[in-house]
Structures are given as C-alpha cells and as structure tokens.
Amino acid sequence: MNNETVFLNDVSNRIGEETPSSDIYIKKPDTLIDTGMDGDLIYNLLMEMGLEDEINYIILTHCHYDHSGGAKKLRELTDAKIAIHRNGYSSLSEGDGLKTASSLFGTKLDSFEPDISLNEDDVISGLKVIHTPGHTDDSICLYDTETKELFTGDTVFSNGRPGRSDLKTGNTKQLIQSLEKIQKLDIKKIYTGHGGPGKPEAIEKAIKYLKTAYI
Ligand SMILES: [Zn+2]
Ligand SMILES: [Zn+2]
C-alpha cells in the first residue's frame, strides 16, 4: 500500500500559492490531516497533486480555526468524512468562537457537524489516535505504527517548542503529560502543526522547555 506522506505547504510554495494557515499533510492513500482556514486553497493544492478524488477522510488534530476552518468546504468538494476527537465535536457543531479560537482570528467559524467522533486508541485509515490534551482538550496525535510517523498537531512543533496552553481548554500540566506519553513511542519522524516535519527529539526539547519555564 502506498502510505507516503505529502507536505501540502511545500506544494503551495512550489507553485507560488498562498501558504495555508496550518501545516497540512496528505497521508496516502486517502487521508488529509488538517485543512487550514481556506478549503478552496487546499482543494487547489489537491488538484495540483491529482489527488482531489482520492480523499476519504479529513482528520482534524484539534478544533482550532487555523486547522479546521477549511474542513466544511473541503467536505463539500471531496465528499470526505470529517473526524475529530469527541471533545472537539461540539466546538465545531456550535461554532464556539473561544474553543475554536476563531475569535482570535477576528472571524466566526461557519459551524458544521463532524462525521466521526474519535476516541483514544481508535484506528482511522491506518492511523492510531492518541489523545494528547494540553494545547486544547481535543488535541490528538496520529501514529502510524508501521512507518513510525507521528502527526502532532499543535502539541509540539518541529523546533522543539510546545503549543500554547493558555487558550480556552488549554492546560500546561496536561500538555507535559501528553508530551511524556508520546515520548514513549518509537518515532522516526514527526509532522507538526506549524514549522513542518521534524525529528522526534523535538518532543524531549518541548518537555524540558515547559518544565524549566514553570519552576
Ligand atoms: Zn491550535
Ligand atoms: Zn495551530
């Protein structure tokens, strides 16, 4: 099975398109991870790759607007199913401005009902769901147990910094616990929510950063 990962922001840079508001990955054969704010932009990038008819799942790493704002439009265009951790379901269906942080972006999420509610240890399109609250209470990492790739969302970035924990539903203690949880995994490469792909050592750096920042 072709389970290659494509970093869509590289595609947008290559063709001189606008950079999406979060890092977006295609996990072949049929899964899009996060959508940025602009569904039309992502659909153009999918078309550029010839993958617009291949996407069956849109998995959101958490409900923040910069990751989820394009999901509704992309579902209309691709007919894919939208999946999010169960804690984020109502944030999207109610279009909660604080929980989705859309108010920070000076806009309002066009609310929508996700199709799939995810729980710890679910496997969706070959990816294992790991609940990693801390940045938000619905944050998940997605783990490919075969290739040892981990999609981290905003739990950790490639530069070794953790995501913010001071927004609605954020919690620093939980963020440290979540980072310690994913640190135990056998990981070859991380694909983060901002800053692109990186090395798993970023997780340890983020734990150190948080622990020393809060003594
Ligand atoms: Zn976020
Ligand atoms: Zn983000």
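Values for this structure:
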| item | result |
| --- | --- |
| Selection from segment 186-212 of residues that are more than 20 Å from Asp138 (Cα to Cα) and either part of a loop (DSSP other than H, G, I, E, B) or of a type in the set (Ser, Thr, Tyr) (or both) | Asp186, Ile187, Lys188, Gly195, Gly196, Lys199, Pro200, Tyr209, Thr212 |
| Asp23 being in contact with a Ser or Thr (Cβ under 7 Å, 6 or more places away or on another chain), among the acidic types (Asp, Glu) and either within 16 Å of ligand 2 (Cβ to nearest atom) or part of a loop (DSSP other than H, G, I, E, B) (or both) | yes |
| Single condition Leu92 does not satisfy, out of (1) under 18 Å from Phe151 (Cα atoms); (2) in contact with a Pro (Cβ under 9 Å, 6 or more places away or on another chain) | (1) |
| Within segment 26-136, helices (runs of 4 or more DSSP H) holding 2 or more residues that are at pLDDT 95 or above and under 23 Å from Asn9 (Cα atoms) | 39-49, 65-68, 71-78 |
| Qualifying positions in segment 137-149 - within 14 Å of Asp34 (Cα to Cα) and in a strand (DSSP E or B) | Ile140, Cys141, Leu142 |
| Within segment 99-124, considering residues that are buried (at least 17 other Cβ atoms within 10 Å of the Cβ) and of a type in the set (S, T, N, Q), the one farthest from Lys181 (Cα to Cα) | Ser102 |
| Residue within segment 173-183 that is modelled with pLDDT of 95 or more, assigned to a loop (DSSP other than H, G, I, E, B), basic (Lys, Arg) and farther than 19 Å from Arg86 by Cβ present | no |
| Evaluation of Asn13 against (1) surrounded by fewer than 18 Cβ atoms within 10 Å (Cβ to Cβ); (2) within 15 Å of ligand 1 (Cβ to nearest atom); (3) polar (S, T, N, Q) (one fails), failing number | (2) |
| Hits in segment 52-73 (condition: within 18 Å of Thr5 (Cβ to Cβ) and touching a residue at least 40 places away in the same chain (Cβ under 8 Å)) | Asn56, Tyr57, Ile59, Leu60, Thr61, His67 |
| Residue satisfying condition, being polar (S, T, N, Q), out of contact with any Asp or Glu (no Cβ under 8 Å at 6 or more places or on another chain) and more than 16 Å from ligand 1 (Cβ to nearest atom), within set Thr147, Thr100 | Thr147 |
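The values are calculated or read from the model by the stated rules, or taken from the named source; none is laboratory data. All of these numbers come straight from a predicted model, not from anything done at the bench. Using ideal geometry, Cβ is built from the backbone for each residue, glycine included, and neighbour counts are taken over all protein chains shown.
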